[in-house]
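The values are calculated or read from the model by the stated rules, or taken from the named source; none is laboratory data. From a predicted model like this one, the values you see are computed outputs, not experimental measurements. A quick note on method: Cβ atoms are made from the backbone with ideal geometry, for glycine too, and the neighbour counts reach across all protein chains shown. Surface areas here come from the heavy atoms of the whole protein model, side chains and all, with no ligands, DNA or RNA. Shrake-Rupley method; radii C 1.70, N 1.55, O 1.52, S 1.80 Å.
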Amino acid sequence: MMALSGISISKGIAIGKAAVLRRGTLDIREYSIPESLIEDEVVRFRSALRKAKRQLRAVRDDISPDAPSEAAALLDTHIVMFDDHTLREGPVEIICSRRCNAEWALKLQRDLLMQVFEEMDDPYLRARKDDIEHVINRIQQNLQGDEGFPSDMFDHRARGAVVVADDLAPAEIMLMYKHGVAAFVTECGGLNSHTAILARSLGVPAVLGVHHARCYIHHDDDVAIEGRHGMVVVAPSLLEMDYFRHCQQEERHYRALLGKLKRRPVISRDGQTIVLMAMAEMREDARAAREAGAAGIGLFRTEMLFLGQRDLPNEAEQFDTYVRIVQAMKGAPVTIRTLDLGMDKWLAGMRPPADGGNPAMGLRAIRWCLQDPTMFSTQLRAILRASAYGPVRIMFPMLCAESELHQALALLSAEKSALCAAGVDFDADIHVGAMIEVPAAALSAASFARCIDFLSLGTNDLIQYALAVDRMDEEVNYLYDPLHPAVLKLIHMTIAAGRRAGIPVSMCGEMAGDPFYTWLLLGMGLRDFSVAPGSLLEIKRAIVDSDIALLTPKVRRILRLGSRAEIGAAVDHLVASMQRSF
Ligand code: PEP
Ligand code: MG
């Protein structure tokens, strides 16, 4: 037996025979093309590009209607890239100016694009580099006469296999998924890659970033994947195999149980109703939210629509997106968060601050919006107009000072007056919320609460700022700790401030979607959760199986404990006792 580890992408256990994908690296060389044949070379390039696009479109059109929405959305992103001017015309210009072959021209254009992406600090955008690479590889394969998806891994032979590859493009994943692949192991690819996003949303166990996996795993080896911890066990013993089969059974049983909860109301054993909403990043996520039975969208991250674009979308484009998600939610509320650019999210062409600046502490989120009121007002107008189509709430991210909230509210009020004067429909009583993501905001939650309709705890940032731990920095993220006594105090203060002011307090950070914390949070008084659609049923299960009246005094005792070690032990104990009662 040998155990390899990588990045955990999607939970789940898979057992199968390894199918190792070895694609020869494309041999791309330069050769010169005589003047008289340049035009033919350009035609050859254009035809390879068209073919590549057709192949992806065929995969896209073949996606079954019940596949998760991300699948089609990701392939659409790739299909659109074929129309990008730099990709269509860049290589043509190189073929003509350098009089070289199409493969070489495409390679040079690729190198140029990669360099631009390499220079980006933003991990999200850096991950988009893989998308360009996948699209360019598809064109190169067509140039080299490999039409379609030639490997035998992309047909029925993928059934039940644990595919081990250097990297996999979303289109390849979709083809293997269609044929019943059991799991993926790749040598490249990170948490933010589209390969990761897709594997997660398809629910296929996957471990990425397993360095040199293809040196250790051979074709037909028995392999077990433990997705939750990013573990790949090669040639497990009989005993280990039994263990994995047992876990797999338990997991299937658990998933089946969760499935039964879909239509059940979110009410605790002692009769308290909890609001369980979903988070969304693309308008297509509304479907996943509805399917999981979410009461609405508790956080719609609007910046995701804009990333990778050079310019901000105009009011009409934004309005179109907001209306579509509002309509897709069929009367359930949609909480639209105003732009949270900066730190880890930038528009194409924007650069993080020059040397020395700290993007997490700098011009980010509401600070950015208030410095660019034209851009901000455009977004506010689009959101207000969308509110005529169904229940919409607005929420401002990363507030720190009360004055920021007042400025944002003043701009909102100005836009309302302008729309009124123009006779445009919108919800005049639209609810407005403040995100509590900075310790200063948590400490001032009572003052914020006086001016708005709801508070929303963004624990991803609240923890990062409370503990001065950059959430993207792998060197220090071992210090990132939701159970730090200071973090719990800030959360508790915010919930208490909301309760005193008589307004709802929700939580929309990752902590809300981790069932390990659900009982603690219920006992702290949280009644409103916003979680990724994939976690919704797990959180629902924890809620419906709890007696909040019993939890509350237990949690109160935990909050009185002084040290992290005592809190950790007490929460472990609480979770174990709740799990026993399932
Ligand atoms: C948060 O900070 O918890 C949050 C939900 O916002 P984001 O992760 O988009 O910063
Ligand atoms: Mg945040």
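What number of residues within region 526-556 satisfy the criterion of being more than 24 Å from residue 287 (Cβ to Cβ), open to solvent by 10 Å² or more (accessible area, probe 1.4 Å) and without any contact (Cβ under 8 Å) to a residue 60 or more places away in the chain?
Qualifying residue count, region 526-556: 4.
Evaluate region 428-442: report whether one residue or more is in the same structural domain as residue 392 (by TED's automatic domain parsing), in contact with a helix residue (DSSP H, G or I) (Cβ under 7 Å, 6 or more places away or on another chain), over 18 Å from residue 277 (Cβ atoms) and without any contact (Cβ under 8 Å) to a residue 40 or more places away in the chain.
Taking every residue of region 428-442 in turn, at least one turns out to be in the same structural domain as residue 392 (by TED's automatic domain parsing), in contact with a helix residue (DSSP H, G or I) (Cβ under 7 Å, 6 or more places away or on another chain), over 18 Å from residue 277 (Cβ atoms) and without any contact (Cβ under 8 Å) to a residue 40 or more places away in the chain.
If you take just the strands (runs of 3 or more DSSP E) that sit entirely in region 193-284, which of them hold at least 1 residues that are more than 30 Å from residue 301 (Cβ to Cβ)?
Correct list: 222-226, 231-234.
Return the residue satisfying two criteria in turn: it lies in region 231-288 and is touching a Leu at 6+ places or on another chain (Cβ under 8 Å) and small (Gly, Ala, Ser), and of such residues it is surrounded by the most Cβ atoms within 10 Å (Cβ to Cβ).
Checked region 231-288; the qualifying residue surrounded by the most Cβ atoms within 10 Å (Cβ to Cβ) is 278.
Of everything in region 461-489 that's within 14 Å of ligand 2 (Cβ to nearest atom) and acidic (Asp, Glu), which residue is most open to solvent (accessible area, probe 1.4 Å)?
Checked region 461-489; the qualifying residue most open to solvent (accessible area, probe 1.4 Å) is 470.
Please determine, by comparing only the residues of region 111-131 that are open to solvent by less than 20 Å² (accessible area, probe 1.4 Å) and out of contact with any Pro (no Cβ under 9 Å at 6 or more places or on another chain), which one is modelled with the highest pLDDT.
114
I'd like the full set of residues that are open to solvent by 20 Å² or more (accessible area, probe 1.4 Å), at pLDDT 80 or above and not hydrophobic (A, V, I, L, M, F, W, C), limited to region 324-364.
Once the filter is applied, which keeps residues that are open to solvent by 20 Å² or more (accessible area, probe 1.4 Å), at pLDDT 80 or above and not hydrophobic (A, V, I, L, M, F, W, C), region 324-364 yields 324, 327, 330, 331, 333, 362.
From the list 105, 58, 14, exactly one residue is part of a strand (DSSP E or B) and at pLDDT 85 or above. Which is it?
Exactly one of 105, 58, 14 is part of a strand (DSSP E or B) and at pLDDT 85 or above, namely 14.
Specify which of the listed residues (317, 291, 303) is open to solvent by less than 40 Å² (accessible area, probe 1.4 Å) and of a type in the set (D, E, K, R).
303
Residue-by-condition table, conditions (1) out of contact with any strand residue (DSSP E or B) (no Cβ under 8 Å at 6 or more places or on another chain); (2) acidic (Asp, Glu); (3) open to solvent by 20 Å² or more (accessible area, probe 1.4 Å):
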residue	(1), (2), (3)
17	no, no, yes
34	yes, no, yes
54	yes, no, yes
71	yes, no, no
85	yes, no, yes
93	yes, yes, yes
